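The block underneath contains the structure these notes are about, expressed in structure tokens.
The values are calculated or read from the model by the stated rules, or taken from the named source; none is laboratory data. Here the structure is a predicted model, which is why all the values come from computation and not from measurement. Cβ sites come from the backbone with ideal geometry, for glycine too, and all protein chains shown count toward neighbours.
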Amino acid sequence: MLWVTWWAWAAAALGLAILEMLAPGYILLGFALGAAVVSALLYGGVAVSLPWLLVICAAVALVSWLVLRQIFGIRKGQVKVIRRDINED
């Protein structure tokens, strides 16, 4: 029952945070934050089943992704202008 050990969730959070550095986009960072919260809950002694752990992880990941998107996303009025098509060469 590896999913009830706090250090497994902490290792998953660390691995996802490292992968976020290689492929930025705030998606893996959200899952890393979700796994870190689940790890903290398990370390604190909260005992719940695997489905609830996954729901907590997913909910925290969604909320953190929305917050990160608001903070670091495209600002209002900012648009991406493509000046050169990669297929023109």
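A few comments on the model shown:
- Residue within region 52-75 that is in contact with a Cys (Cβ under 9 Å, 6 or more places away or on another chain) and at pLDDT 90 or above present: no
- Flag for Ala17 being at pLDDT below 95 and small (Gly, Ala, Ser): yes
- Conditions (1) more than 10 Å from Ala61 (Cβ to Cβ); (2) among the β-branched types (Val, Ile, Thr); (3) touching a residue at least 24 places away in the same chain (Cβ under 8 Å): number failed by Ile18: (3)
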